[in-house]
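Engineer: Structure in structure tokens, see below.
The values are calculated or read from the model by the stated rules, or taken from the named source; none is laboratory data. Not measured: the values here are computed from a predicted model. Every residue, glycine among them, receives a Cβ derived from its backbone with ideal geometry; neighbour counts consider all protein chains shown.
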Amino acid sequence: MSRVERSDFRLPVFVIYTSTNGVLRRPVESAQYLFIRYTEWRDEAGIEPSVGGVGDSYDNALAETINGLFKAEVIHRRGPWRSFEAVEYATLEWVDWFNNRRLLEPIGNVPPAEAEANLYAALETEDMAA
């Protein structure tokens, strides 16, 4: 199993001086930076926003919903964790289940991967018929 790639990027810390002492401030809040990185990653991968336009809160809300679901189903339910590797492996298992085996009622109680394969097969059949 390969390790998840980690970014070694660190936000710079600036000292903003007041009349009595210096105060450390970051130019961008951490949550904003994560959203910016997520948007850049999504754009690089060629993924269109699910709802709304670029820079609005819909994509962030979707990501936060998935993160909350993951934390409730895996992190809190199966913890405490012995190591980072145990969390990493559980994450990979959950993502595999979520994408490939989870039954999703709105698409006919089939896994998302199966529904996607069915869609592409139907499109290919349409193209061949045309």
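Engineer: Name the residues in the stretch 37-57 that are over 13 Å from the mean Cα position of the chain (by Cα) and at pLDDT below 75, would you?
Structural biologist: Across the stretch 37-57, the qualifying residues are 48, 51, 52, 53, 54, 55, 56, 57.
Engineer: Continuing with this model, one more query. For a quick check of your reading of the model, give me the residue pairs whose first member lies in the stretch 75-94 and is free of Cβ contacts under 8 Å to residues at least 24 places away in the same chain, whose second is surrounded by 12 or more Cβ atoms within 10 Å (Cβ to Cβ) and assigned to a helix (DSSP H, G or I), with beta-carbon atoms closer than 6 Å and at least 6 apart or on different chains.
Structural biologist: Close Cβ pairs (under 6 Å, with a partner that is surrounded by 12 or more Cβ atoms within 10 Å (Cβ to Cβ) and assigned to a helix (DSSP H, G or I)) amount to 81/87; 90/74.
Engineer: On to the next question. Among the residues of the stretch 60-116, count how many are surrounded by 12 or more Cβ atoms within 10 Å (Cβ to Cβ), of a type in the set (S, T, N, Q) and assigned by TED's automatic domain parsing to the domain that holds residue 48.
Structural biologist: The qualifying residues number 1.
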